[in-house]
Amino acid sequence: MRPILFQELSHLEQLSVFKKRNMKKILIYFQIFIVAVGLGSCAEDFLDKTDPTALVSDTFYGTDREVTQAVTGIYGMLRGYFNNHWQFTEFITDNTSLHFNVGNRGQGPALEAIEYWQYNAGTPNFASLYNNTYNILVNINTTLEKLKTSTASQVIKDRSEGELKVIRAYLYFDLVRLFGDVIIVTEPINTPADAFQLQRSPSEAVYSLVLADLSDAINLLPVNYSANEVGRITKGVALAMHGRVRLDRKEYAEAVTSLKQVLTLGYGLLPNYADVFKPENKNHKESIWDVQYQGENLFGVNSSFIYTFAPLASQGAVIKFPGQDGGGWNIPSKEIISLYEAGDDRKSVSLKEGYTNNSGQLVPVPFINKYNNPHSIRGVTNDNWPIIRYSDVLLMLSEAINETSGPTSEAYEYLNSVRVRATLAPLNGLDKSQFRIAVLKERRIELAFENHRWFDLKRTLSASEIKNLLNAYGKKEREDPTTSRGGIPFSQEDYTFEEYQVLFPIPADQIRINPATTQNPGY
Amino acid sequence: MLLSVEMPSISGFTQSLDNVGQVRNSGIELGLDFRTKVNRVNLRTNLNLTFNRNEVLELRGGADAIWNGSFYGANNVSKVGRPMAMLYGFKMMGIFQSDEDVKNWPTQDGAIPGTYKYFDADGDGVISYDRRDMIEIGNPHPAMLLGWTLGGDVGGFDFNFLFTGAFNYDMMRNIEATTMNMDGVFNILQSGVNRFRSTDMPGDGRGATSNTWKWQREANSRYVYDASHVWLRSVTLGYSLPLNVIKFKTRLFFSGENLFLFTDYPGTNPDVSRGGEINIGRDDEAYPVPRTFTFGATISF
């Protein structure tokens, strides 16, 4: 009989043979190990190893490079946030409607519920919004906490703190306006049990946090960045946000103070409205804060808004790829189309009232055109999303000045500079309330489809006024819908807005998981 | 029970792994082994029956239930006092036959004749488009599992049969939310011809009107089927050639796997489950189980 080779043994057999042959050696090593542990005062460190191949939050955030990476990662999360932001700020309002998808209902009803004001605590899009917001906030809080003990340079630490606090303020400002009282989290949550302890804070407390974060950021942030870091949050962003929050709270004098400082920072209107939305011009002097997207590559940091907003079954006639359809969402309503004054440059830039299909026929389905730009890879667009533009600052200023001192020449100057850029005649001779209405309308047109409308309504109207305004719009849509519904009638409850709906519901899942969480009235 | 459980999303996470409570599995398992000889035939058989009941005894933390799945698709809910992972959804009571029918039913906004009629479980007069009116609609745990082998030999011939089975359990045929989806222009199952067309042509009571645009794809009992089945998993027939015929010890055999499935379940495999853990009982029509035939010979030189 030939001897059995070691390789021929089963795994278990190999192990036992190995043990037999090596037991002596193992014992020796073990003794050496004991001696080493006994001798060294570093015995505990010796056992306390981290995996050198993984990035661990406990050891990260040590250098300038790591801190910057962490903050950039949070900027990246804003892309996901803004991919759906239109649903809650534009789509829900009288600015846009939808192209009813008779051919494929899919999970459409969940999103249509927002347009038709049929939403309730179980509407999944609110849960995504809520969860996504807190997910970003937790990352911000963790990074802010780590900054305290980071060994990175003071310049980078200060700047990063400023950037993160502006984003945190932005998110809480959204939360408090959309949901009302919300849970405030400003520090890392270490155990699940801790998460169950936190309860909603009054909206005043949320506003205090927002203002405190912005004040800190104003002192920490630089006015501009070197060319390869353009797009990061600047002092101008913090000041403009501060003005926006003050305006929302009707603290007009404070709003004017902050907004006027933005005027001194070198921003300005581009001469031509169309140039504002061209990807090749991105981060121009009118752009104060954009969500940075990048197309023309497959890194996955692109936008794709036109693919959501273009009409259904447009077959490449809108998005210039063979057979490419749009999602048919966020379709400009007949109402907003009718509001453009004759000769307004902005109309053809912001929207199209229809398109010519491949058979040469005009299809009267409107769509948003601001984010419809040529791109070379299907599904990958290069459009940034504007959060704050200089024209927004000018209009906020004219609104705030009018509220404090009436339509002064200064208030006219800011309003009219926006109108003149759009090739419209300047306004004059309005009284205070006419001026207020004029500014609001100018905002609606100038900032159309940039996620301002819902907040503008909530800032300037009471809940019952919003109810009346929206129901009047809803009645028009029911009688004469912006797009054909393919013979499908409206549901009875479609387009019926109730006052309580000015605040979104706390997602039902969150209350089910933690029954101590309270719900907004009406839901 | 070590499971991922939900936690408030303000923590930045929606789930964490935790020891969440206790489940009791109780039941009996019977094994019967029998050998006999009838004339020249040796017979062997083994029957294995398992009866199991499981019950959630305790859930820790604030939640009184563990939810898995989604509003569209298979929902599973584990509650104290009930078996784990019960299927959850709207109870489908039939199809609205007429406008009159819609009017006399609790408000189901957007329903038209031909839409699924759901049960107003919380009794508030409204079937709301969320989970409030959802109830238990199925139990994914078989009441009995079966394993049965029957084997024997006579002369040079031998044979072996293996049956498996599971009885009295439910499966959510989630795939039909797509393959019986009438709310658009799609390829659908042939049974779609029996859909509701009008009050006079109500169809088979399971296919919604093609005009519907809501109340169809939500988790509901329309998609729940009894998945009881017996499966002839394998058959082996062999013949050992007599040694006086051939020099080497030789056995020729034929075997077949998954030969017959006895079930009323409409899918190709009542034994599938997507999701795992406590998100069970969901059939998204996985790759079908192949029927295989093998002919072979074992020869010892």
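Worth pointing out:
- Listed peptides A:63-69, A:123-129 appear in the order A:123-129, A:63-69 once ranked by packing, highest mean of other Cβ atoms within 10 Å at the front.
- FRET efficiency estimate (nearest 0.05) - Cβ-Cβ, B:Ile135 to B:Phe295, R0 45 angstrom: 0.30
- Of B:Val154, A:Leu265, A:Val439, farthest towards positive along the dipole that unit charges on Lys, Arg, Asp, Glu beta carbons give the protein assembly as shown: B:Val154
- Computed FRET value (nearest 0.05) for A:Thr59 with B:Thr178, which takes r as the C-beta separation and R₀ as 56 Å: 0.75
- Under the combined filter of DSSP loop state and at most 16 neighbouring Cβ atoms within 10 Å, the stretch A:353-404 retains these trypsin sites (Lys or Arg not before Pro): A:Arg378.
- Efficiency of FRET from Cβ geometry, A:Ala342 and A:Leu469, R₀ 22 Å, rounded to 0.05: 0.35
- Spin-label model distance (nm) - A:Tyr225 vs B:Leu30, 7 Å beyond Cα toward Cβ: 7.4
- Full-extension gain in nm, A:Asn272 to A:Lys320, via 0.36 nm per residue minus C-alpha separation: 14.8 nm
- Ranking of A:Leu214, A:Leu265 by count of other Cβ atoms within 10 Å, fewest first: A:Leu265, A:Leu214
- Taking the square roots of five times each eigenvalue of the Cα gyration tensor of chain B, the equivalent ellipsoid has semi-axes of 47, 27, 17 Å, listed largest first.
- Extension gain, A:Lys432 back to A:Glu353 (0.36 nm per residue minus Cα-Cα distance, nm): 25.1 nm
- Overall Cα dimensions of chain A - principal axes, largest extent first, Å: 104, 56, 48
- Peptide B:119-130 - average C-beta neighbours from other chains (10 Å radius): 2
- Only Lys, Arg, Asp and Glu carry charge here, each on its Cβ (+1 for the first two, -1 for the last two); on that basis the stretch B:1-56 has a dipole of about 700 debye about its Cα centre.
- Taking the centroid of alpha carbons for each part, the stretch A:387-460 and the stretch B:66-108 are 50 Å apart.
- Loop chymotrypsin sites (Phe, Trp or Tyr not before Pro), the stretch A:281-315 (other Cβ atoms within 10 Å of the site Cβ: 13 or fewer; DSSP): A:Phe299
- Charge dipole magnitude, Cβ of K and R +1, D and E -1 - the stretch A:302-422, Cα centre, debye nearest 20: 540
- Applying both filters, DSSP loop and at most 12 other Cβ atoms within 10 Å, to the trypsin sites (Lys or Arg not before Pro) of the stretch B:1-46 gives B:Arg40.
- Taking all Cα pairs closer than 8 Å and separated by 6 or more residues, the relative contact order of chain A comes to 18 percent.
- Sequence ranges A:149-160, A:230-241, A:420-431, ranked by mean other-Cβ count within 10 angstrom, highest first: A:230-241, A:149-160, A:420-431
- The distance between label points at B:Phe186 and B:Phe262 comes to 3.5 nm (points 7 Å beyond Cα on the Cα→Cβ vector).
- Charged neighbours of B:Phe119, selected by a Cβ distance under 15 Å, balance to -3 (K, R count +1; D, E count -1).
- For B:Asn258, the shell of other residues with beta-carbons less than 14 Å away shows a net charge of 0, using +1 for Lys and Arg and -1 for Asp and Glu.
- Environment charge of A:Asp494, counting only residues whose C-beta is closer than 9 Å and scoring Lys/Arg +1, Asp/Glu -1: -4
- Each of the peptides A:318-328, A:81-91 was scored by the mean count of other Cβ atoms within 10 Å over its residues; in descending order, highest first, they stand as A:81-91, A:318-328.
- Listed residues B:Asn194, B:Gly296, B:Asn181: farthest to the positive end of the dipole of the stretch B:142-301 (Cβ charges): B:Gly296
- The slack in the chain from A:Thr257 to A:Glu187, taken as 0.36 nm per residue of separation less the alpha-carbon distance, amounts to 22.1 nm.
- Cα centre as origin, Lys/Arg/Asp/Glu Cβ charges: the stretch A:369-523 dipole, Debye: 280
- Using a simple spin-label model with pseudo-atoms 7 Å out from Cα toward Cβ, B:Ser4 and B:Lys103 lie 5.0 nm apart.
None of the figures in this text is laboratory data; all of them are computed from the coordinates on show. Predicted model, so just to flag it, every value in this text is computed and none were measured. Ideal geometry is used to build each Cβ from the backbone, glycine not excepted, and the neighbour counts take in all protein chains shown.
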